[in-house]
Amino acid sequence: MDVRSQLIHAALQVYAEAGSRGATTRRIAEVAGVNEVTLFRHFGSKDSLVRRALEWVAEHALSLRLPAEPTDPEAELLAFCRAQHSALFQVRALVRRTMAEHEEHPEAAAVARHITAGIEHELRAYLERLRHGGFTTEPWETQVACAMLMGTLFADAVGRDCWPDRYRMPADEAVAGYVGLFGRALGIRDAVPAAVRRLRTHQE
């Protein structure tokens, strides 16, 4: 890992643990294993480093994509939701910190909003492709469907370790359950075109 990456990861760790005020350049540099001069040489200031670190989180979260041409909606949605849940769970402390400091540092919370908005945009577009491709049978409103699924994933990923009594099922099983209920609500399973079923049978 290069020095810039070390500093970015250290900034995310320290920010999540100590918040904006506790995330001093000295502490970030110590966690990264470099001196403060190196930090300033690469990023100029703490604010610049933290901003870049949050942008890095957003870039990686938004790099996950759903297929442009759906063929197996249940499997595609499950893989996407598991990946998104895993990514959110890895940065859960950071997300909670930015939410807690929303009033004092709205720019950090804006990154979290940007990430969730980007994920929902990807899901909305995919759901519309399912609708137009005849992969669903039930009537539904796209925005409501996205909010329901993404809100559930977000709450589980960010709150799982805070409320173990609520989230007793292993994460992979829980996500599969959420996606399964979601798919049944949209009528996905019953609507998979016969041609796709024949293709699956032939491939198996």
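Every read-out reported here was derived from the displayed coordinates using simple, explicitly stated rules and does not represent laboratory data. Owing to the predicted nature of the structure, the values given are computational and were not obtained by experimental measurement. Backbone-built Cβ (ideal geometry, glycine too); neighbour counts: all protein chains shown.
Before moving on, here are some points about what is shown:
- Between the beta carbons of Thr24 and Ala176, assuming R0 = 35 Å, the FRET efficiency works out to 0.25 to the nearest 0.05.
- Assigned charges on the beta-carbon of Lys, Arg, Asp, Glu; the chain dipole about Cα centre (debye): 200
- According to the Kirkwood relation over distinct C-alpha pairs, the hydrodynamic radius of region 22-65 is 11.2 Å.
- Helical mean residue ellipticity (222 nm; -39500 (n - 2.57) per DSSP H run of 4+; nearest 500) of the chain: -24500 deg cm²/dmol
- Cα Rg over Rh - the chain, Kirkwood: 1.07
- In terms of surrounding Cβ atoms within a 10 Å radius of their Cβ, Met1, Met99 rank from fewest to most as Met1, Met99.
- Cα→Cβ-extended label distance, 7 Å offset, between Thr71 and His132, nm: 2.0
- Each residue of region 91-97 was assigned a 3J(HN,Hα) from its phi angle through the Karplus curve 6.51 cos²θ - 1.76 cosθ + 1.60 (θ = phi - 60°); the sequence is 10, 4, 5, 5, 4, 4, 5 Hz, with glycine and proline shown as x.
- The modelled label-to-label distance for the pair Asp165/His60, using points 7 Å beyond Cα in the direction of Cβ, is 3.4 nm.
- Which of Leu39, Val144, His9, positive extreme of dipole for the chain (C-beta unit charges): Leu39
- Once the mean of 1/r is taken over each pair of separate Cα atoms and inverted, region 66-124 shows a Kirkwood hydrodynamic radius of 12.9 Å.
- With θ taken as phi - 60° and the Karplus curve 6.51 cos²θ - 1.76 cosθ + 1.60 applied, the whole-hertz 3J(HN,Hα) list for region 45-52 is 7, 5, 4, 5, 5, 4, 4, 5 Hz, x standing for glycine and proline.
- A simple packing score, the average count of other Cβ atoms within 10 Å per residue, orders the peptides 27-34, 66-73 as 27-34, 66-73, with the highest score first.
- With the largest listed first and rounded to whole Å, the semi-axes of the equivalent ellipsoid of region 1-106 from the Cα gyration tensor are 31, 16, 11.
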